[in-house]
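Every number here is computed from the coordinates shown, using simple stated rules; none is lab data. These numbers were taken from a predicted model, which means no experiment stands behind them. Quick reminder, even Gly has a Cβ in these numbers, built from the backbone with ideal geometry, and neighbours come from all protein chains shown.
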Amino acid sequence: MKLKNKIALVTGSSRGIGKAIAVGFAREGANLIVTYRSKKNRAEEVVNTIEKAGRKAVALQVDIGKPETIKEFISEAWNVFGRIDILVNNAAAAYESEFLKMSFNLWRETLSLNLDGVMLCSQYTAQKMIDNGIKGNIICVTSINGYQVELNFSAYSVSKAGLDMLIKSMAAELGPYGIRVNGIAPSVVKTEIVPEEFYEKQGALFKKKTPLGRLGEVEDCVGPAILLASDESSYINGHIIVIDGGMSITQL
Ligand SMILES: NC(=O)c1ccc[n+]([C@@H]2O[C@H](COP(=O)([O-])OP(=O)(O)OC[C@H]3O[C@@H](n4cnc5c(N)ncnc54)[C@H](OP(=O)(O)O)[C@@H]3O)[C@@H](O)[C@H]2O)c1
């Protein structure tokens with residue numbers, strides 16, 4: 001087992017990619033702090049799945065888009081098992097809007113959750129790791145949108161571009177404390193964040209553009225996350241693994 005007895009906090013792990021990563025970490029021996037914003041029952045199902053696998057898990061509610069609540073949330077999460085070895089910043093939202101019609105609220109809400117929230121979760125967790133002599137690990141779920149334009153998703157894309165530099169900045173500043181920071185950047189993974197119309201309008205085009213000929217599944221993100229969380233990547237710091245079946249290396 002690659003994460004035996006590690007304590008992992010995965011934000012937004014009530015469904016989608018975060019859920020798959022949380023369950024995957026548990027399979028590798030980690031105990032989990034699962035988080036949700038609104039869907040408590042789903043988070044409880046994830047906890048049950050992890051417990052059935054013989055690991056411990058607790059579900060906590062948090063709105064990561066509310067910066068004033070993050071410090072207390074990280075303290076609460078830390079106190080569940082008395083430490084955190086691995087933080088996965090996964091929770092995010094993607095709101096669609098044409099740039100010219102985009103409200104300032106949509107822009108702020110997106111940056112507040114996808115960037116401010118990640119920064120604060122990482123800062124508070126890293127400080128606790130340092131204070132407790134834990135050589136921890138931070139993984140951020142970013143996106144190929146961080147470096148490729150998707151029409152009508154400017155706020156989301158900017159948040160992920162900012163996150164990409166945050167990953168590198170944190171890796172450089174936290175590395176001396178033995179804390180590694182890396183990211184994973186999926187292309188399109190079938191979850192609820194992807195609007196249904198996407199599959200009708202663009203699904204075929206994305207498959208065509210992807211050398212592996214298919215869209216991503218949540219399980220495609222799990223192996224790379226385990227690699228980055230484990231000692232198997234002990235000299236990888238400040239990097240982002242692109243999970244896109246080769247899409248971003250091709251031209252139409
Ligand atoms: N799916 C893709 O195609 C894709 C591609 C590239 C990158 N990503 C990235 O992968 C990550 C996970 O995305 P996903 O597709 O798995 O999304 P998802 O299925 O929509 O799941 C989002 C998760 O985040 C939680 N969440 C949403 N808003 C929150 C908030 N304000 N505070 C705290 N938690 C909140 C949700 O909790 P509730 O269930 O309780 O609402 C849920 O657990 C995101 O960072 C996303 O940008 C996804």
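I want to check the label-to-label distance for ASP131 and HIS239. Put each point 7 Å from Cα in the C-beta direction and report it in nm to one decimal.
My value for the distance between the label points is 3.3 nm.
Using square roots of five times the C-alpha gyration tensor eigenvalues, list the equivalent-ellipsoid semi-axes of region 7-243 in whole Å, biggest first.
Values for region 7-243, descending: 27, 20, 18 Å.
Just order 167-174, 198-205 by mean Cβ neighbour count inside 10 Å, highest at the front, would you?
Peptide ranking by packing, descending: 167-174, 198-205.
To the nearest 20 debye, what charge dipole does region 129-252 have about its Cα centre, counting +1 at the Cβ of each Lys and Arg and -1 at the Cβ of each Asp and Glu? Show your work: numbers first, answer last.
Working: 10 positive and 14 negative charges, 68 e Å.
With only Lys, Arg, Asp and Glu charged at Cβ, the dipole is about 320 debye.
Checking the table LYS4/LYS52; LYS101/LYS168; LYS19/LYS160; LYS39/LYS101; LYS4/LYS66; LYS71/LYS101 against a 27 Å threshold on Cα-Cα, which pairs fail?
LYS101/LYS168; LYS39/LYS101; LYS4/LYS66; LYS71/LYS101
I need the P(r) histogram for region 112-237: all alpha carbon pairs, bin width 5 Å from 0 out to the longest distance, whole percents.
Result, from short to long distances: 2, 10, 17, 20, 19, 13, 9, 5, 3, 1, 0 percent.
Springs between alpha-carbon pairs under 10 angstrom, Gaussian network model over the chain: which of ILE33, ILE236, ILE64 fluctuates most?
Among ILE33, ILE236, ILE64, the largest GNM mean-square fluctuation belongs to ILE236.
In square nanometres and to one decimal, what's the mean projected area of the convex hull around the Cα atoms of region 163-244?
6.3 nm²
Counting Lys and Arg as +1 and Asp and Glu as -1, each charge on the Cβ, what is the dipole of the chain about the Cα centre in debye, to the nearest 20?
440 debye
When we measure straight from the Cα of LYS209, which lysines land under 21 angstrom away, once same-chain ones fewer than 8 places off are left out?
Here the lysines satisfying the reach criterion relative to LYS209 are LYS190, LYS201.
Taking the Cα centre of region 120-202 as the origin, how large is its charge dipole in debye, to the nearest 20, when only Lys and Arg (+1) and Asp and Glu (-1) carry charge on their Cβ atoms?
Values: 7 positive and 8 negative charges, 81 e Å.
Roughly 380 debye for region 120-202.
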